[in-house]
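Data block below; observations after.
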Amino acid sequence: MLTKPAILLLGMILESPKGAYEITKKLEQMQVRWWLKISDATVYSTIHMLVKKNYIEGRIEKNGNMPERTVYSITDEGRVVLIKTIRELFVCMDFDTTVFSVVASYAYLIPREEMRELLQKRLQILEEYKSGIHNQILSVEKISLPCIVGSNIQRMEDIVDAEILSANRMISEIGEINEK
């Protein structure tokens with residue numbers, strides 16, 4: 001499975017070939033660093049790893065008096081692994097919500113009907129999590145634990161509720177796109 005930085009970079013490179021500097025600037029424009037800690041060093045090391053795994057390939061370009069730069073494009077293998085990862089992570093629940101944020105950035109790579117099905121599966125999983133958390137809250141209320149434990153479990157339920165709201169919104173938006 002790909003890391004969050006690898007998903008982001010593969011998605012960006014899939015949109016159009018890019019150099020490492022261009023990728024760091026695009027991440028700044030997207031304001032990714034507000035929700036995902038990704039340094040320039042992480043970008044460069046992730047590029048190196050993606051090249052090594054044959055998910056991207058680089059070619060040297062020279063424009064006028066500018067120094068040479070390496071421009072990366074995605075390979076067929078990189079595209080396959082990116083889409084496979086998106087599909088897998090769409091139906092996973094992770095309390096690290098940045099995982100879903102990264103994957104959702106490239107949801108357009110999946111056909112709409114399949115995306116709707118993946119989101120429906122995600123909703124089922126989220127409802128199961130919510131039920132489990134609710135049962136946990138009930139059991140914690142029966143025993144004497146510090147109140148912060150109960151608050152933390154409630155926080156987990158809040159996260160799941162936000163994810164449910166988000167998945168429903170995405171399903172609704174897919175429906176609106178299909179109607180247009």
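Bear in mind that the values in this text are calculations on the coordinates, not laboratory data. These numbers come from a predicted model, not from an experiment. All Cβ positions, glycine included, derive from the backbone under ideal geometry; neighbour counts span all protein chains shown.
Relative to the longest principal axis of the Cα atoms of the chain, the long axis of helix 76-90 makes an angle of roughly 20 degrees.
Against the chain, whose longest principal axis is taken from its Cα atoms, helix 112-142 shows a tilt of about 40°. When volume of the Cα convex hull per residue in Å³ is computed from the coordinates, the matching label among [x] 125; [y] 116; [z] 144 is [z]. Put in order of Cβ neighbour count within 10 Å, fewest first, the listed residues 2, 145 become 145, 2. Cβ crowding within 10 Å ranks 44, 55 as 44, 55, fewest other Cβ atoms first.
In terms of the Cα gyration tensor, with a ≥ b ≥ c the square roots of its eigenvalues, is segment 4-104 rounded because a/c is under 1.5, prolate because a/b exceeds b/c, or oblate? Taking the square roots of the gyration eigenvalues as a ≥ b ≥ c, segment 4-104 is oblate.
For the chain, the mean residue ellipticity at 222 nm estimated from helices alone is -23000 deg cm²/dmol, where every DSSP H run of n ≥ 4 contributes -39500 (n - 2.57) and the total is divided by all residues, rounded to the nearest 500. Applying a threshold of 21 Å to the alpha-carbon distances of 26/52; 4/37; 53/121; 4/130; 4/53 flags 26/52; 53/121; 4/130 as lying beyond it.
Remark: relative contact order (the chain) = 19 percent; criterion is Cα-Cα distance under 8 angstrom and separation of 6 or more residues. For helix 20-30, report the angle its Cα long axis makes with the longest principal axis of the Cα atoms of the chain; keep it between 0 and 90° and round to the nearest 10°. Helix 20-30 sits roughly 40 degrees off the main axis of the chain. Taking a ≥ b ≥ c as the square roots of the eigenvalues of the Cα gyration tensor of segment 111-179, is the shape rounded (a/c under 1.5), prolate (a/b larger than b/c) or oblate? Verdict is prolate for segment 111-179.
Just report the Cα centroid separation between segment 97-157 and segment 24-82, whole Å. Computed from Cα coordinates, the inter-centre distance equals 32 Å. Exposure proxy for 147, 92: other Cβ atoms within 10 Å of each Cβ, ordered fewest to most, give 147, 92.
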